[in-house]
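S.K.: Can you keep this structure in mind? I'll have questions shortly.
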Amino acid sequence: MEGKVCKLNITSTCKAIQQLAQELTEVNPLQEISAKRAIPQTLQMGLKHCYHAACPVPVGIIKAIEVEAKLALPRMF
């Protein structure tokens, strides 16, 4: 998985998220799901562009990356 890239296509009516989407077009999934190495790029873009500290969109993007890259836990039931 190292060196893999996840391309993002983010659509939103929110101006802040539109700006985030223009800048965040692809990420390394492993870097995005691990906050121990560095702050994920998605969260950095959230801090840069989102107006509200509690905006759930950056975390939702990370969850979507995790699922798409098949890094999410399998469903147990």
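The values are calculated or read from the model by the stated rules, or taken from the named source; none is laboratory data. Computed from a predicted structure; not experimentally measured. Cβ: placed from backbone, ideal geometry, glycine included. Neighbour counts: every protein chain shown.
S.K.: Grab the helices (runs of 4 or more DSSP H) fully contained in the chain, keeping just those with 2 or more residues being at pLDDT below 95 and touching a Gly at 6+ places or on another chain (Cβ under 9 Å).
M.R.: Counting at least 2 such residues, we get no helices (runs of 4 or more DSSP H) at all.
S.K.: Select from the stretch 6-37 the residues that are among the aliphatic types (A, V, I, L, M) and under 19 Å from Leu71 (Cα atoms) and list them in ascending order.
M.R.: The first filter runs over the stretch 6-37 and keeps only residues among the aliphatic types (A, V, I, L, M), leaving 8, 10, 16-17, 20-21, 24, 27, 30, 33, 35.
Leu8, Val27, Leu30, Ile33, Ala35, listed by residue number.
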